[in-house]
Amino acid sequence: MENNSMDIINKLKQVSTATIATCLFKKGLKYQFIQDVQPLRKMTEPMVGQAYTLRYIPAREDLNPISVFRDPKHLQRVAVEECPQNHVLVIDSRKSARAASAGSILATRLMKRGVAGLVTDGGFRDSAEIAALAMPSYHQKPSAPTNLTLNQAIAINEPIGCGDVAVFPGDYIVGDNDGIMVIPQHLAHEVADECLKMTSYEDFVLEKVGNGTSIIGLYPMTNDDYLSEFEDWKKNR
């Protein structure tokens, strides 16, 4: 991963999905929040990484017997072995949790390979085991049936839809307890810098409001008196 990418990732680890959503809204991007997914366990720090994608289509019985997993070129297995370090494997499961998108063995392999996270708009089997891993994962809800019941892995690292969001390889994926935002790759540096500034101001506002200050004129800042106060606040931090 390029140094520039790690710089973006380190910045995005300091901001919330809510702040990112507002920043992207200002740029005209309103639908970058992946719908109906949640972390398998409470997040203590954000999940951040560039997207590496896997796409499923509906399984057809004659093409998806259990024996297909013996094929070393099976694309689900290939995705697990090729997803780069510090990336997030994002799976297009067509918003269905009727069958699992993956299980604990594949998730463990991803964790051991240094992958930053795992996301599906479907469900995972072995959800308790995946939740216990030292790698964040997001899904719709648990699902016991094998992946082949519903899904055929058809493509890796191409544009997909996940939870009604277009995800392109290399886009930046940020997840916290609110959910997941997708940042287009070409905007990531700009968004990261803007969100850091927004977060600093929001911290200032929260401190003021916590001390009893009215939000009028403060949030958003329409009273210039707060500008100089904010600048002094930053210097004293």
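Numbers at a glance
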{"quantity": "Approximate spin-label separation ASN177-ASN223, in nm, with each point projected 7 Å along Cα-to-Cβ", "calculated": "3.0 nm"}
{"quantity": "Relative intensity, log₁₀ I(q)/I(0), of the chain from a Debye sum that treats every alpha carbon as a point, q = 0.09, 0.10, 0.11, 0.14 Å⁻¹", "calculated": "-0.42, -0.51, -0.59, -0.86"}
{"quantity": "Size of charge dipole - the chain - debye, nearest 20, with Cβ of Lys, Arg +1 and Asp, Glu -1, no other charges", "calculated": "820 debye"}
{"quantity": "Accessible-area ranking of LYS112, LYS95, LYS234, LYS30, largest first, probe 1.4 Å", "calculated": "LYS112, LYS30, LYS95, LYS234"}
{"quantity": "Accessible carbon and sulfur surface of the chain relative to its total accessible area, %, 1.4 Å", "calculated": "51 percent"}
{"quantity": "Most to least packed among 73-86, 119-132 [average Cβ atoms within 10 Å]", "calculated": "119-132, 73-86"}
{"quantity": "Cβ crowding within 10 Å averaged over residues, with 6-18, 48-60 ranked highest first", "calculated": "48-60, 6-18"}
{"quantity": "Separation in nanometres of the label points that stand 7 Å from Cα toward Cβ, at HIS189 and ARG70", "calculated": "5.1 nm"}
{"quantity": "Residue-span extension gain [GLN14 to ILE215] - 0.36 nm each, minus C-alpha spacing", "calculated": "70.0 nm"}
{"quantity": "Cβ-based net charge around CYS83, under 15 Å, with every Lys or Arg adding one and every Asp or Glu removing one", "calculated": "0"}
{"quantity": "Per residue value of the accessible surface for the chain (all protein chains in place, 1.4 Å probe), Å²", "calculated": "51 Å²"}
{"quantity": "Extent along principal axes [Cα atoms of the stretch 1-139; Å; largest to smallest]", "calculated": "48, 29, 28"}
{"quantity": "Helix-only CD estimate at 222 nm, as mean residue ellipticity for the chain, using -39500 (n - 2.57) per DSSP H run (n ≥ 4)", "calculated": "-9500 deg cm²/dmol"}
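The values are calculated or read from the model by the stated rules, or taken from the named source; none is laboratory data. Please read these numbers as outputs of a predicted model, since none were measured by experiment. Here the Cβ is made from the backbone with ideal geometry for all residues, glycine too, and neighbour counts use every protein chain on show. Ligands, DNA and RNA are stripped out before the accessible areas are found, and what is left, the full protein with its side chains, is counted by its heavy atoms. Shrake-Rupley method; radii C 1.70, N 1.55, O 1.52, S 1.80 Å.
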